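What follows is a set of notes on a single structure, which appears directly below.
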Amino acid sequence: MKQSEMVAQKDYWAKSACKMCIHSCAIRAHVVDGVVVKIEGDPDNPSNRGKLCPKGQAGIHRLYDPHRVKTPLRRTNPEKGIGVDPKWEPISWDEALDTVAEKLKAIREDDPRKLLPAINDFHRIHIWGWGAAFGTPHYFSTVGQYCGAAYHPLNGILDGSFAAINDYNHCKYWIQIGAGDGFSSHLHVAASIKRMADARVERGMKLVVVEPRMSAGAAKADEWLPVRPGTDRAFVLGMVYVLLHEQNVYDAGFMRKHTNGIYLVAPDGNLFRNAETAKPMVWDSAGNTAREYDTEGLNLEDVALEGVYTIEGVEYRPAFQEVKDSLKDHTPERMAEICSIPAETIRRIATEFGEAACIDSTIKINGKEYPYRPAAVNFYRGAIGHFDGGLDSAAMKLINLVIGNIDVPGGHIGVGLDHRLLILKEGKDGMIEPQPHLLHPAYEFAEKPYSYQLMEWYPIGIDPGHLIAENVLNPEKYGFDFQPEALIIEHSNPMWNLSATNKVIEVFKKLKFIVAIDIVLNESTDWADIVLPDLSYLESHLLVCIEPPMVTGHVYRRPVIEPLYDGRDATDILTELAKRIGFLPEWNGLLNFTMFLSEENHLDPDTPYSSLELTDRMAKSIYGQDKGLEWFQEHGHTTRDQTPEEMYLPYAKLGQRIPLYFNFIKEVGDDMAEKMKTAGVEWDTSAYLPVPVWRDHHPLHNTPPEYDLYAFAFKEAQANFSESTTLPWIDEVVSCQPMHLGVMINSKTARNKGIKTGDILKIESPFGEITGRATVGEEVHPECIAISNTISRWSQHPVGKKQRSTHFNKLLPADVKWTCGMTGHLETTARVKLSVISE
């Protein structure tokens, strides 16, 4: 029903979309006399099917938080710092907007690069480019980077996806590495928990979890394999070795038909090409000769996957053979020494995995026959958030490729960023076009960097915002000839989410002006000069579709009640600022692109549009002129299950292959090496490898011996990023759980170090130190300590604020040396030493 008709009722259920994490579970809110009394999952939505996680149910506390920002605020205390009272005073919207526009307009006219943006609202990805429209190239945050900088580009390169998940509908052997899918985090938690439970109960699916801490998933798994942090790749490559070198288990048919595994590789690692047509060559065993891969009449069964072939005195190998040869020294014994999982376990899991894959079997779905590979490896940040994260991700993809399970029933399924699903286009060499940049277009290379995060030097990466502090504080290193003067924050907390916290604090001290758009104050907004109140997700309009596994379509986020306070929608705020500062045409042009507006719904360059109007135009552009805002107010969502044709073998419909051998990565790296050599810049491009291997020079595993433990942070379903810890229900729940009360340490390790539960520890890394309360138990690898993100807050919000802030990010490095050379991913694990400072 229409908004006015709904809110006029005394007692009603209003459907909307949750925003207590980055995804978009469908919800319904019970409203009585204008007050929301309950939030639950929408049973009519095929995604989460009535389920909702603790954060979603606690969203009612965000709406009625007495500490919400209720009106624009101005700082009256010129002193800034941690724990310093800003002495806020309420001001009018016009005064606030005039102040912000005046400050930012002056910067834009002088040098727009002097503005740092931290705009990271995942539901409103369409506004992330506000800074680019303003004219600044920076990205002062790790949102999207901390978890996925090495993950998303590799997904896009493989099959045009943004994320990935194992097939909940058909998988029977699920290996989960460093991920919380189906239990605690990542893709649509509430929906995934139900799907995971159904797969295990109804099909008896086996679950093996590989991670250094006994998470919710590990606790419920058939088997938990504690792994040394940052070595997951070694475990997987040991499995690949077993499959290829010991058991000869691989899907030859899939490789011949759907991958570049048949393409010949030259001694220099590049594809062997026809000198005249530049097409890749394959070896035709029947004709005993090399032919172009697309030669008419070529029988794929005759095309070689293995062997060495001499052509005019030069030896060439099929790409699959190149993969095998590259891993011939990755024995389970060697990999066990690296990852701490015994060699016999690696062999056993590899054997089970290969048998469960059912290679050469098929399944009929809706009358159509597909390959059936009901075994898959799923992974996320814990596995790839490291110095060599790009190679970590490639290894996870490789083991799935070996058994031929990419985008087939039971296997490893690509997940799109939004309703468009996988972005598939015909590329060169009969391959899909790689899509490493799905969040924004690639930055143009420059010999002298123009973005503080050096994005122009990470051609297949995601903005390494953690590098900004180092480059602001030491601009001469890469030749920056300007300094930032202002920061704009929208639903972000860079002070909290960036690594090397002490350096970030120094950057904040240098800034002359900070404006924040948010609902509650946090560690970053405590430093602001002006705070502009956004509307909560229960008071605003939006169409939401973020990384939907198994389904597609938008959920309509609508106001379930009238706004409580003097807030405005963040999109409206940014539009008004763009108008006042003088770049409304650039802003509207960006929205045309980021909101998928069709030509007939394009925005007039000089007209400001409300979020309501933008939502209506977006709906009509995607679903047709008859399905605008009014249609969504009546129906609530367009969510539906993906069809088999959408989920399975989508690249095959284009007649395109996917990479087994990542020659694209090598080619990008070679090009980058040549450009940097010409520029006279020392830059490590050694990570751009076509085959993932283990590299012993990983800095995490080569620290001084006194740093004898690994430290990492974790979260469970109760806690999102920083904001959910200020909800009373969430705070009450986590305050009852030992893992959220202190620093987890293995009982044997604690005994050897004379540590007992309750001791106050000093935790030191080469880059910083923190203190924390020891929690001794069995649920963590003996070489590790684990720190919950629920004990990391220090802002002035009274809920969730701990007597002792154990902020993990202070332990992390934030420089190029500790950054993945391929993808820009920051290292998310630290080496530390412990000492007891009080008992």
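The values are calculated or read from the model by the stated rules, or taken from the named source; none is laboratory data. None of the values given here were measured: they were computed from a predicted structure. Heads up, the Cβs are rebuilt from the backbone with ideal geometry, glycines too, and the neighbour counts pull from every protein chain shown. Heads up: the accessible areas ignore ligands, DNA and RNA and are worked out on the full protein's heavy atoms, side chains in. Shrake-Rupley method; radii C 1.70, N 1.55, O 1.52, S 1.80 Å.
Please determine whether any residue of segment 53-75 is without any contact (Cβ under 8 Å) to a residue 24 or more places away in the chain and part of a loop (DSSP other than H, G, I, E, B). Full working, then the answer.
To start, the set of residues in segment 53-75 that are without any contact (Cβ under 8 Å) to a residue 24 or more places away in the chain comprises 66.
In the following step, the residues that additionally are part of a loop (DSSP other than H, G, I, E, B) were identified as 66.
Yes: segment 53-75 contains one or more residues that are without any contact (Cβ under 8 Å) to a residue 24 or more places away in the chain and part of a loop (DSSP other than H, G, I, E, B).
If you check residue 798 against the conditions, is it open to solvent by 10 Å² or more (accessible area, probe 1.4 Å) and either part of a strand (DSSP E or B) or within 28 Å of residue 383 (Cβ to Cβ) (or both)? Spell out how you get there, then give the answer.
Details: open to solvent by 10 Å² or more (accessible area, probe 1.4 Å): yes; either part of a strand (DSSP E or B) or within 28 Å of residue 383 (Cβ to Cβ) (or both): no.
Taking the combined requirement at face value, the residue does not satisfy it.
The single condition among (1) touching a residue at least 60 places away in the same chain (Cβ under 8 Å); (2) within 24 Å of the chain's Cα centre (by Cα) that residue 495 does not satisfy is (1). Checked against (1) assigned to a strand (DSSP E or B); (2) out of contact with any Pro (no Cβ under 9 Å at 6 or more places or on another chain); (3) open to solvent by 10 Å² or more (accessible area, probe 1.4 Å), residue 376 passes all but condition (3). The one condition from (1) without any contact (Cβ under 8 Å) to a residue 40 or more places away in the chain; (2) open to solvent by 60 Å² or more (accessible area, probe 1.4 Å); (3) not assigned by TED's automatic domain parsing to the domain that holds residue 561 that residue 12 does not meet is (2). Here the strands (runs of 3 or more DSSP E) wholly within segment 509-602 that include at least 1 residues being of a type in the set (Lys, Arg) and either open to solvent by less than 10 Å² (accessible area, probe 1.4 Å) or farther than 25 Å from residue 78 by Cα (or both) are 555-557.
Identify, from the list 573, 517, the residue that is in contact with a helix residue (DSSP H, G or I) (Cβ under 7 Å, 6 or more places away or on another chain), farther than 30 Å from residue 647 by Cα and of a type in the set (A, V, I, L, M).
On inspection, the qualifying residue turns out to be 517.
Count of segment 625-648 residues, restricted to those that are assigned to a loop (DSSP other than H, G, I, E, B), touching a residue at least 24 places away in the same chain (Cβ under 8 Å) and open to solvent by less than 30 Å² (accessible area, probe 1.4 Å), is 5. Residues that are in the same structural domain as residue 322 (by TED's automatic domain parsing) and out of contact with any Ser or Thr (no Cβ under 6 Å at 6 or more places or on another chain) number at least 1 in the following helices (runs of 4 or more DSSP H) confined to segment 649-743: 663-679.
Residue 76 meets the stated requirement of being hydroxyl-bearing (Ser, Thr, Tyr) and exposed (fewer than 13 other Cβ atoms within 10 Å of the Cβ). Considered as a group, the residues in segment 217-256 that are open to solvent by 30 Å² or more (accessible area, probe 1.4 Å) and of a type in the set (Gly, Ala, Ser) include one that is farthest from residue 408 (Cα to Cα), and that residue is 219. Looking across segment 306-331, just one residue is open to solvent by 40 Å² or more (accessible area, probe 1.4 Å), in contact with an Asp or Glu (Cβ under 8 Å, 6 or more places away or on another chain) and either at pLDDT below 95 or among the hydrophobic types (A, V, I, L, M, F, W, C) (or both), and that is 308. A residue that is open to solvent by 10 Å² or more (accessible area, probe 1.4 Å), modelled with pLDDT under 95 and not in a loop (DSSP other than H, G, I, E, B) occurs nowhere in segment 139-149.
Hey, could you check segment 15-39 for residues that are free of Cβ contacts under 8 Å to residues at least 60 places away in the same chain and over 19 Å from residue 542 (Cα atoms) and say which is surrounded by the fewest Cβ atoms within 10 Å (Cβ to Cβ)? Within segment 15-39, the match that is surrounded by the fewest Cβ atoms within 10 Å (Cβ to Cβ) is 33.
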